[in-house]
Amino acid sequence: MFKNRIKKGGLFKTAAAFIVMVTVVIFVSVTGCAGGCSGKKPKTNFTEYKIEAEYDGGFITATETVSFFNDTEEGINELKFNLYPNAFRKDAKYTPVTVEQRPLCYYKGLSYGYISVFAVFTGGEEADFSVEGKDENILIVPLFNTVFPSETVEVTINFKVKLAEVVARTGITEKTVNIANWYPVLCVYDNGFCECEYYSTGDPFYSECADYEVYFTVKNTYAVASSGVTVSSEYDHDKITYGFKAQKARDFAIVMSEEFDCLTETESGVEINYYFYKDASPEKTLKTAKAAIKTFSELFGKYPYKKYDVAETQIFAGGMEYPCLSMIDDNLTEEEREEVVIHETAHQWWYSVVGNDEISYGFLDEGLTEYSVILFYEKNPSYNKSRTDFIKKAMKSYSSYCTVYDKLYGKKDTSMIRKLPEFSSDYEYVNIAYMKGALMHEYLRNTVGEEKFFKGLRKYYSDNMYKTVTPYDYVSVYESLGCRVENFFESWFDGDVIL
Ligand SMILES: [Zn+2]
């Protein structure tokens, strides 16, 4: 996500009924990860999703088959899935849109969405699933047989999603349809299944890379940007079914519109598409996306996918990242758009390929992504933006946060390792995760020197492709290069460092 921006006089905060068949199921309960989900998860075998979905009149009707390979060291008796669309319910406790944001996001008045699960099958038999969690956000599927380590289980879920008319990651906007976090997403198994509630601050997501095969049917008047490579398209009267494949992708999202134009270019074998409807200088935007793919490939390591879509849409925070797909808000100035495109493209490296628990360690991807924007401008002097100016701005913003919080509350919390709900405002989150996050990399660079800093970034990327990491994995990369930085990082993470 892009950092919050000042708009319209204020600092924005970013951003059904269920048939539950309850029967007595005898199984060993797999507990949630109350102690925090923080382990490094090298994947030996990726989960596979096959989804057949049709969008019509604001509803998505779909069948999803998930093939889960148990790469844990435990027997598993149930699977849990995040049901993010339920955050758009009328009575949701954890909402993507805060009360203050409602007038701007609900452009036609309040509107609600949900996900309704109709049936779940495993091993060819109907399973007694339930929808639970803190906010009807978790689908629990008991398995008929324990899945032991290195065994695979297949689960098929029939579901329907209603999209709200709302400017959000998932919703019908005035010109586009944003379809993200829309299907049951297998919870990450990390000392138990990690359940994600939908916080309005930050990106409340934690998922692992998986292989996707998605067949998406829609009226043929829509142009569709997606996380996948198009492998087929079949017309049937006024509808079209696209076949998409995305391998080792952390999520699968779509942005579509009946008003999209599209420009395409290729960079180092990557097809880059820009879908737009309002941008007055689309060639410039595409050029920036192309330059960002090139610059970051050179700095960190090759962009590993064949395609990258950038979609103009309405998105409250300014931008939002998904694998091979970035959402860019249509209400940005040209200068803002440039920066947002660079930021979201950097997320392809930090979040998409190298992933992290974004609820526990939001600063890990946001801080490095923000610093990557600075690196982009440094490596592309024709854009006329200086590293020094960015650092000054970040320092000013962070210092101002410290002063404001001291005055308002008599204290400030400068610790970086905090879960999203532990931030008292978006203002605090932006200054800790983005500003202080970016400053940490600048100070690291000055501490370890140019050569080791960039060598470390490349190693961090290559060692952790398609995995989920913790802040300590970043520390250990530099330790392995002979940099004694453990204390350096501890003081940043704990908040002891004085800037
Ligand atoms: Zn971001």
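Assign unit charges at the C-beta atoms only (+1 for Lys and Arg, -1 for Asp and Glu), then state the dipole size of segment 364-494 relative to its Cα centre in Debye, rounded to the nearest 20. Spell out each step's value before the answer.
On the way: 19 positive and 19 negative charges, 71 e Å.
Rounded to the nearest 20 debye, it is 340 debye.
Give me the percent relative contact order of segment 364-494, please, defined on Cα pairs under 8 angstrom at least 6 residues apart. Working shown, then result.
Values: 100 pairs, mean separation 40.9, N = 131.
Across segment 364-494, relative contact order equals 31 percent.
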Long-range HN-HN contacts of residue 465 with modeled amide H, under 5 Å: none
Residue 254 long-range amide H proximity, modeled H, under 5 Å: 179, 180
Apportionment of accessible area to carbon and sulfur, segment 364-494, percent (1.4 Å): 51
Cα pair distances of the chain binned at 10 Å [whole percent]: 4, 20, 31, 28, 14, 3, 0
Cα centroid separation, segment 294-330 to segment 395-427 (Å): 29
Expected 222 nm ellipticity per residue - DSSP helices of 4 or more, -39500 (n - 2.57), all of the chain, to 500: -8000 deg cm²/dmol
Mean accessible surface per residue for the chain, computed with a 1.4 Å probe while every protein chain stays in place, in Å²: 39
For segment 57-70, Karplus couplings with θ = phi - 60° (6.51, -1.76, 1.60), whole Hz, Gly/Pro x: x, x, 10, 10, 10, 8, 10, 10, 10, 10, 10, 9, 9, 7
Cross-link reach list, aspartates and glutamates versus residue 108, counting only Cα pairs under 17 Å and skipping chain neighbours closer than eight places: 100, 165, 174
Whole-Hz ³J(HN,Hα) from phi, Karplus 6.51 cos²θ - 1.76 cosθ + 1.60, for segment 292-309, glycine and proline x: 5, 4, 5, 4, 6, 4, 6, 6, 10, x, 4, 5, x, 9, 8, 9, 9, 9
Cα shape, segment 364-494, gyration tensor, a/c 1.5 rule: oblate
J(HN,Hα) series, segment 318-329, from Karplus relation 6.51 cos²θ - 1.76 cosθ + 1.60, nearest Hz, glycine and proline x: x, x, 8, 9, 9, x, 6, 8, 10, 9, 10, 5
Extreme residue, positive dipole direction of segment 354-457, given options 457, 423, 443 (C-beta unit charges): 443
Interchain or long-range residues, amide H under 5 Å from residue 322's placed H: 327
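Got a sec? What order do 411, 419 fall in by accessible area at 1.4 Å, biggest, i.e. largest, first?
On the way: 411 140, 419 75 Å².
Largest accessible area first, the list is 411, 419.
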Cβ-placed point charges (K, R +1; D, E -1), dipole of the chain about Cα centre in debye, nearest 20: 1420
Listed residue (159, 266, 201) projecting farthest to the positive dipole end of segment 153-271, Cβ model: 159
23 Å Cα-Cα reach of residue 393 towards lysines, excluding residues that sit fewer than 8 places from it in its own chain: 3, 7, 8, 13, 379, 385, 407, 411, 412, 436
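Is the shape of segment 207-337 best called rounded, prolate or oblate, per the rule: a/c under 1.5 gives rounded, else a/b larger than b/c gives prolate, else oblate, with a ≥ b ≥ c the square roots of the Cα gyration tensor eigenvalues?
Values: a/c = 1.70, a/b = 1.16, b/c = 1.47.
It is oblate, given that a/c is not under 1.5 and a/b is not larger than b/c.
Under a 1.4 angstrom probe, counting protein chains only, how are 102, 337 ranked by accessible area, largest first?
Working: 102 95, 337 25 Å².
Largest to smallest exposure gives the sequence 102, 337.
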Check: segment 278-407 dipole with +1 on Lys, Arg Cβ and -1 on Asp, Glu Cβ, in debye: 500
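Would you mind classifying segment 213-258 by shape? Square roots of the alpha carbon gyration tensor eigenvalues, ordered a ≥ b ≥ c; an a/c under 1.5 is rounded, otherwise it is prolate if a/b is larger than b/c and oblate if not. Write out the running numbers ahead of the final one.
Working: a/c = 3.09, a/b = 1.66, b/c = 1.86.
Here segment 213-258 falls in the oblate category.
The values are calculated or read from the model by the stated rules, or taken from the named source; none is laboratory data. Model, not experiment: these values are computed from the prediction. Ideal geometry is used to build each Cβ from the backbone, glycine not excepted, and the neighbour counts take in all protein chains shown. Accessible surface areas use protein heavy atoms only, side chains included; no ligands, DNA or RNA. Shrake-Rupley method; radii C 1.70, N 1.55, O 1.52, S 1.80 Å.
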